[in-house]
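Here is the structure we will look at.
Rule-based calculations on the coordinates, nothing more; no lab input. Because the structure is predicted, anything quoted here is derived from the model rather than measured. All Cβ positions, even for glycine, are placed from backbone atoms using ideal geometry, and neighbour counts span all protein chains on display.
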Amino acid sequence: MAFVLRRLATAIPVIIGITIVAFLLIHLVPGDPAKVILFGTDATPAQLANLRRQLGLDQPLWQQYLTFMGQLLHGNLGTSYLTQNSVAHELLSRAPDTLVLTGAAVLVAIVVGVPLGMLGGVFPGSLVDRVARAISFLGVAIPYFFLALLLVLVFSVRLHLLPAISNGSVSGLILPAVSLGWGYAAILTRLIRGRLIEEYRSEYIKSARARGCTEPRVLLRHAMRNSSIPAITTIGLQFGNILTGAAVTEVIFGRPGLGSFLATAISNKNIPVVQGAIIVIGIAYVLINLIIDLIVGAVDPRTRAAVGLA
């Protein structure tokens, strides 16, 4: 329980920092929010001043932040300047599409990265290891947005096998998920391969073999068990990166979701939507890392002991 409480205590300041950054956007972005809302209406200075007063922009900065936090604690992320709808409703209605893409990309990373890393670690220097390292190198070297364009060119334009623009089907999810998850599959491949090679040189592996353990048991029960801790941590960290990378991928493939919605909000200076998206994505990133810390602590008690939390 102490481990959980201390992890929560470290997450709270980070979340507060995210809210401060999101709040300051309205004061750092060029332009007057009141003019954005009343754009095209030939608003008079009196109307602009009245709207600023309604938005609370005439109040001291600290008071505006307290009001902002009070609304946030009640689940109120504000109102969209353009649609006059609740920002929370706008984000929640698009979050499932982004989560589906993120989950599919993580699945690609695991399905591709873990087997390749295991094969490379068990058979170092072999043909399959060289293939795994080549795939890993390409995955790290090619940016996901460039890979997305290559996949569209090959599988959509040339071969006509998969749609270039999302159509809501499973086939429309394949290219975005592969382009987003492939780079992280490469990271997993390199990590697991390196850890397995190191584990196979350990004394406890030699002892297990001397006791008559079969090679599959040595791999799955001993080597992979110790190699899984950094892999789990990496998957958690990359989940947050994939969540943010989904924004660009959604724009490329025309997918609905937080990314494309945020891109539109930025171009229109729709500050409440940008603030809400930053807060939602930032808190999701923190919570994912917190969950991963708890999972690693549960799988390997040495992690808790290492930081004095056992």
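Worth a mention:
- Considering helices alone, the calculated mean residue ellipticity of the chain at 222 nm is -25000 deg cm²/dmol, with DSSP H runs of length four and up weighted by -39500 (n - 2.57) and normalised per residue.
- Rounded to 10°, Cα long-axis angle of helix 271-299 versus longest principal axis of the chain: 30 degrees
- Gyration tensor verdict on the chain (Cα atoms; rounded if a/c is under 1.5, prolate if a/b is larger than b/c, oblate otherwise): oblate
- The shape of the range 163-210 comes out prolate: with a ≥ b ≥ c from the C-alpha gyration tensor, a/c is at least 1.5 and a/b beats b/c.
- Toward the positive end of the charge dipole of the chain, with +1 on the Cβ of Lys and Arg and -1 on the Cβ of Asp and Glu, the farthest Cα among Ile279, Leu290, Ser171 is that of Leu290.
- GNM result for the chain, Cα springs below 10 Å: residue of Gly212, Gly181, Gly17 fluctuating most strongly: Gly212
- About the Cα centre, charge dipole magnitude for the chain (Lys/Arg +1, Asp/Glu -1 at Cβ), debye: 1040 debye
- Modelled this way, with points 7 Å down the Cα-to-C-beta line, the labels at Ala88 and His160 are 4.9 nm from one another.
- Each of Thr67, Leu57, Gly254 was scored by the projection of its Cα onto the charge dipole of the chain, and the greatest displacement toward the positive side belongs to Gly254; charges sit on the C-beta of Lys, Arg, Asp and Glu.
- Most mobile listed residue (Glu198, Glu90, Glu250) in the chain, GNM with C-alpha springs under 10 Å: Glu198
- Counting only alpha carbon atoms, the long axis of helix 127-141 and the longest principal axis of the chain meet at about 20°.
- The distance separating the Cα centre of the range 96-118 from that of the range 171-224 comes to 16 Å.
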